[in-house]
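Novice: Can you keep this structure in mind? I'll have questions shortly.
The values are calculated or read from the model by the stated rules, or taken from the named source; none is laboratory data. Model, not experiment: these values are computed from the prediction. Every residue, glycine as well, gets a Cβ built from its backbone with ideal geometry; the counts of neighbours run over all protein chains shown.
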Amino acid sequence: MGRCHRTEIAVTEDEGRPVRFTWNGRVYGVRRIIDHWVTLRTDWSPESSAQVPERRHWRVEAGAADARGVYELRHDTPTGRWFLSRVRG
């Protein structure tokens, strides 16, 4: 298991894929994408938006200068916001 978070983070993308992110003032370079999946937001209704709001999830191996691990990132496509969902040792 790992520690769960719901922290908004800044992410640099390349063709929609995360290549680095900033969390707690540190920049983490994505070394490898382990998994990627898409879910639909459960609070969406057709009346509220014409766009079906996807959440794109990425499990990545990433590291900063003194920290390396597996991180789960989430991208809310309607808002463009990124979140750190989980940290695995």
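Novice: If you take the residues of the stretch 41-89 that are under 15 Å from residue 11 (Cβ atoms) and of a type in the set (S, T, N, Q), which of them is modelled with the highest pLDDT?
Specialist: 85
Novice: Out of 38, 30, report the one residue that is touching a strand residue (DSSP E or B) at 6+ places or on another chain (Cβ under 9 Å), surrounded by fewer than 11 Cβ atoms within 10 Å (Cβ to Cβ), modelled with pLDDT of 90 or more and in a strand (DSSP E or B).
Specialist: Exactly one residue qualifies, and that residue is 38.
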